[in-house]
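**Student:** One structure is given below, represented as structure tokens, and several questions about it will come after.
What follows draws every value from the coordinates through simple rules; no lab data is involved. Being a predicted model, the structure only gives us computed values, none of them experimental. Quick reminder, even Gly has a Cβ in these numbers, built from the backbone with ideal geometry, and neighbours come from all protein chains shown.
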């Protein structure tokens, strides 16, 4: 089994009915399907859109029909979702222990990444997780520098005085 990730939402060849295309919402097949029209498999709405002009539910169109069905896990039948580390727990720890001003945006970005994973938008989730990681690492680095500075300022003079 390969961990290639789930394809983006869009119209794909219907695996159950040849000659039709079906809407893939990023997590699984929906009930929305239609006959493949014209050469190249695009309906009257253009590549990746249904005849009405927009995908079901108003989502943005993915790859045009005819590009193949989404990648599935070996006998499981469900789509393989990429693993996204949202950095939520790390952001919370950094906020509590290190640096509150930089930890808050880290928590916000991590929460947004969690929301996007729940919505099946893995590309945006990875982008938000990357931002959360950046703020978290800066918060931890700044917290360590402040702690070292505090220790140096208060304890280093006593070491030289002989106490």
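**Student:** Take every Cα pair under 8 Å in segment 88-161 that's 6+ residues apart, average their separations, divide by the length, and report that relative contact order as a whole percent.
**Tutor:** For segment 88-161, the relative contact order is 34 percent.
**Student:** Can you order the peptides 95-101, 24-30 by their average number of other Cβ atoms within 10 Å per residue, highest first?
**Tutor:** Descending mean neighbour count gives 24-30, 95-101.
**Student:** While we're looking at this one, here's another question. Quick one: give the max-minus-min coordinate of the C-alpha atoms of segment 78-137 along each principal axis, largest first, in Å.
**Tutor:** For segment 78-137, the Cα extents along the three principal axes come out at 40, 15, 14 Å.
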